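Trainee: I have a structure I would like to understand better, so I am pasting it below and will then ask my questions one at a time.
The values are calculated or read from the model by the stated rules, or taken from the named source; none is laboratory data. Just so we're clear, the structure is a prediction, and the values are computed from it rather than from any experiment. We place every Cβ from the backbone using ideal geometry, glycine too, and count neighbours over all the protein chains shown.
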Amino acid sequence: MMRRWILPLLLVLCGATVAGGLAFSGSRGAAVLYLLLFAGLAAMNSPLLFPKSLGAAEAQRRSAADGRPVVYWRPGCRYCLRLRLRLGRAARRLHWVDIWSDPEAAAVVRAANDGNETVPTVVVNGRPHTNPDPAWVRGQLSSAT
C-alpha cells in the first residue's frame with residue numbers, strides 16, 4: 001500500500017527541502033512558489049486523483065453487468081495520468097483497478113502484455129488494449145451505455 005505513495009511523498013519532501021533552503025536564504029516568494037509547484041506535482045501523481053480502485057474480480061464482474069471498460073493503472077504512471085485527465089468527468093464511469101494494490105490485476109495485465117506490467121491497459125468486452133487513445137476510450141464508454 002505504501003508503494004503507491006512513494007512518488008508523491010518524495011515530491012513533497014523535495015519541495016519542502018528546496019522551499020526551506022530558499023526561505024532560509026531570504027527568498028520567501030520563491031520558496032512559496034516552489035512549494036506550490038512540488039505540491040501540485042505530488043497531487044497529480046497521487047492515487048487520490050483517480051476514482052476509487054476496485055479489485056480485478058469485482059471490476060470484471062461489474063464490466064460484464066454494465067458493459068463499461070475496465071482500466072488497469074498504477075500510481076505515478078504518466079500515461080495513466082494522461083488518460084485520466086483527458087477523460088475528464090467521464091473517467092468516473094469506468095472501472096479502475098490499481099495493479100499495485102491487487103496482485104490478480106497485475107497478473108491480468110502481464111497476461112495481456114507479454115509478461116510486462118504495461119499500463120494503462122483497458123479491457124473492453126474481454127479484449128485488452130494497451131495505452132489506447134483517450135478519445136477511443138471515451139467512444140467505448142459512450143457505446144457501452
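Trainee: So, R92, is that one outside any loop (DSSP other than H, G, I, E, B) and at pLDDT below 90 or not?
Mentor: For R92, the condition - outside any loop (DSSP other than H, G, I, E, B) and at pLDDT below 90 - is met.
Trainee: Right, here's the next one. For the stretch 61-87, which positions are in a helix (DSSP H, G or I) and either among the aliphatic types (A, V, I, L, M) or free of Cβ contacts under 8 Å to residues at least 24 places away in the same chain (or both)?
Mentor: Those that are in a helix (DSSP H, G or I) and either among the aliphatic types (A, V, I, L, M) or free of Cβ contacts under 8 Å to residues at least 24 places away in the same chain (or both): R61, A64, A65, R78, L81, L83, L85, L87.
Trainee: Based on what the data block shows, is A90 in contact (Cβ under 8 Å) with a residue 24 or more places away in the chain, within 18 Å of L141 (Cα to Cα) and under 15 Å from the mean Cα position of the chain (by Cα)?
Mentor: It is true that A90 is in contact (Cβ under 8 Å) with a residue 24 or more places away in the chain, within 18 Å of L141 (Cα to Cα) and under 15 Å from the mean Cα position of the chain (by Cα).
Trainee: Among what's in the stretch 1-40 and is of a type in the set (V, I, T) and under 24 Å from the mean Cα position of the chain (by Cα), pick the residue that is modelled with the lowest pLDDT.
Mentor: Within the stretch 1-40, the first condition is being of a type in the set (V, I, T), and the residues that meet it are 6, 12, 17-18, 32.
In the following step, the residues that additionally are under 24 Å from the mean Cα position of the chain (by Cα) were identified as 6, 12.
Working: I6: 83, V12: 90.
This residue is I6.
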